[in-house]
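The values are calculated or read from the model by the stated rules, or taken from the named source; none is laboratory data. Source: prediction; values computed, not measured. Cβ sites come from the backbone with ideal geometry, for glycine too, and all protein chains shown count toward neighbours. To get the accessible areas, we keep the full protein, side chains included, count just its heavy atoms, and leave off ligands, DNA and RNA. Shrake-Rupley method; radii C 1.70, N 1.55, O 1.52, S 1.80 Å.
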Amino acid sequence: MDIMQYTENLTDICGVAHLMEDKERLIETYGDDICKYPYAIVVGHLMDHDIIESIPLSYNDDKIAQDYLDEYFNSHQRAAKIADKIADFIKKQGFDAIVLDVSGDSDEVNLKMPFSNKASANIAHIGWLGKNNLMITKEFGPRLTWVTILTNADLKDYIKDEQDSLCGDCKLCVNACPGNAICDDQDPRKSYDPVACGEYLKQRRDDGHPVACGMCLYICPYGNEKTAKLRSNAEN
């Protein structure tokens, strides 16, 4: 069994990022160590379906909101364990491997700032950055936790073609965002306002609620059969 076969058996979705294709920007943002090795295996781990489906109820039920917040962190832990297994397998094949966990950091590299695992998923062309600035895949939408494994194993045969955004004129997340933090722009650097998002979460905290939202994750039609049907009916 080769490295990617092993990875595919453990993950919901995965891909390979050739970091050299975006080397200049990555080094400018994170420092030289982010490109210590030429490739990164990107692992996507699916969050609990039932908990994600309950997100619309969480705004009036703190227990549901806390369940979602707990799952957010629990999925990180599950993804990290999967990544550790993959890294161990890579090392047994005679290659180097460094796990950048969901916090985007590792004791084995010196980074200017925590690495965004969405960045490696984007370079791996697993999906696209949506208007909500989340990594979206055809298969699961944005309902995934991401983790990255840097390696010097030769994985060039697994590099995929670039995935164009499929958001189009969909505005479900734009209209649903309770913090008005998303606008209808194809460029996620312009469409998503992290300050407005943060202010909404801060207000939730100040009002005594769990610091959780997730509406844009829930409502995306990629991963949500109900809203996918609504979008399809609206287009027809």
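Looking at Asp50, Asp32, can you tell me which residue is open to solvent by 60 Å² or more (accessible area, probe 1.4 Å), over 26 Å from Ser106 (Cβ atoms) and not aliphatic (A, V, I, L, M)?
Asp50
Could you name every one of the helices (runs of 4 or more DSSP H) located completely within the stretch 160-236 that has at least 3 residues being modelled with pLDDT under 95 and open to solvent by 60 Å² or more (accessible area, probe 1.4 Å)?
Working: elements: 172-176, 188-191, 194-206, 215-219, 225-235.
Correct list: 225-235.
Identify the single condition in (1) within 18 Å of the chain's Cα centre (by Cα); (2) free of Cβ contacts under 8 Å to residues at least 24 places away in the same chain; (3) buried (at least 17 other Cβ atoms within 10 Å of the Cβ) that Phe73 does not satisfy, given that it satisfies every other one.
Only one criterion in (1) within 18 Å of the chain's Cα centre (by Cα); (2) free of Cβ contacts under 8 Å to residues at least 24 places away in the same chain; (3) buried (at least 17 other Cβ atoms within 10 Å of the Cβ) is unmet by Phe73, namely (3).
If I filter the stretch 27-38 for residues that are touching a Ser or Thr at 6+ places or on another chain (Cβ under 8 Å) and at pLDDT 95 or above, do I get at least one hit?
Of the stretch 27-38, the ones touching a Ser or Thr at 6+ places or on another chain (Cβ under 8 Å) are 37.
Adding the requirement that they be at pLDDT 95 or above leaves 37.
Yes, the conditions are met somewhere in the stretch 27-38.
Would you check which residues across the stretch 140-154 are part of a loop (DSSP other than H, G, I, E, B) and either buried (at least 24 other Cβ atoms within 10 Å of the Cβ) or of a type in the set (S, T, N, Q) (or both) and list them? Explain how you work it out, then say what you get.
Kept after step one, since they are part of a loop (DSSP other than H, G, I, E, B), are these residues of the stretch 140-154: 140, 142-143, 152-154.
Those that are part of a loop (DSSP other than H, G, I, E, B) and either buried (at least 24 other Cβ atoms within 10 Å of the Cβ) or of a type in the set (S, T, N, Q) (or both): Pro142, Arg143, Asn152.
Within the stretch 124-139, can one find any residue that is farther than 29 Å from Lys91 by Cα, touching a residue at least 12 places away in the same chain (Cβ under 8 Å) and open to solvent by 80 Å² or more (accessible area, probe 1.4 Å)?
Checked against the condition, which is being farther than 29 Å from Lys91 by Cα, touching a residue at least 12 places away in the same chain (Cβ under 8 Å) and open to solvent by 80 Å² or more (accessible area, probe 1.4 Å), the stretch 124-139 yields at least one hit.
List, please: which pairs have Cβ atoms under 7 Å, are six or more places apart or on different chains, and start with a residue in the stretch 197-226 that is over 18 Å from Asp169 (Cα atoms) and touching a residue at least 24 places away in the same chain (Cβ under 8 Å) and end with one that is among the small types (Gly, Ala, Ser) and surrounded by 13 or more Cβ atoms within 10 Å (Cβ to Cβ)?
Listed by first residue and then by second, the contacts come to His209/Ala65; Pro210/Ala65; Ala212/Ser58; Ala212/Ala65; Met215/Ala176.
Listed residues Ala83, Ala65, Ala119; which is more than 17 Å from Gly44 (Cα to Cα) and crowded, with 20+ Cβ neighbours inside 10 Å?
Details: Ala83 fails: more than 17 Å from Gly44 (Cα to Cα); Ala119 fails: more than 17 Å from Gly44 (Cα to Cα).
Result of the check over Ala83, Ala65, Ala119: Ala65.
Please find, among Leu69, Leu46, Leu57, the residue that is modelled with pLDDT of 95 or more and in contact with a strand residue (DSSP E or B) (Cβ under 9 Å, 6 or more places away or on another chain). Working first, answer last.
Numbers: Leu69 fails: in contact with a strand residue (DSSP E or B) (Cβ under 9 Å, 6 or more places away or on another chain); Leu57 fails: in contact with a strand residue (DSSP E or B) (Cβ under 9 Å, 6 or more places away or on another chain).
Answer to the check: Leu46.
Is it true that Lys91 is among the charged types (D, E, K, R), open to solvent by less than 20 Å² (accessible area, probe 1.4 Å) and either more than 18 Å from the chain's Cα centre (by Cα) or farther than 12 Å from Val42 by Cβ (or both)? It would help to see each step written out before you state the result.
Details: among the charged types (D, E, K, R): yes; open to solvent by less than 20 Å² (accessible area, probe 1.4 Å): no; either more than 18 Å from the chain's Cα centre (by Cα) or farther than 12 Å from Val42 by Cβ (or both): yes.
Considered against the rule, which asks whether it is among the charged types (D, E, K, R), open to solvent by less than 20 Å² (accessible area, probe 1.4 Å) and either more than 18 Å from the chain's Cα centre (by Cα) or farther than 12 Å from Val42 by Cβ (or both), Lys91 comes out as no.
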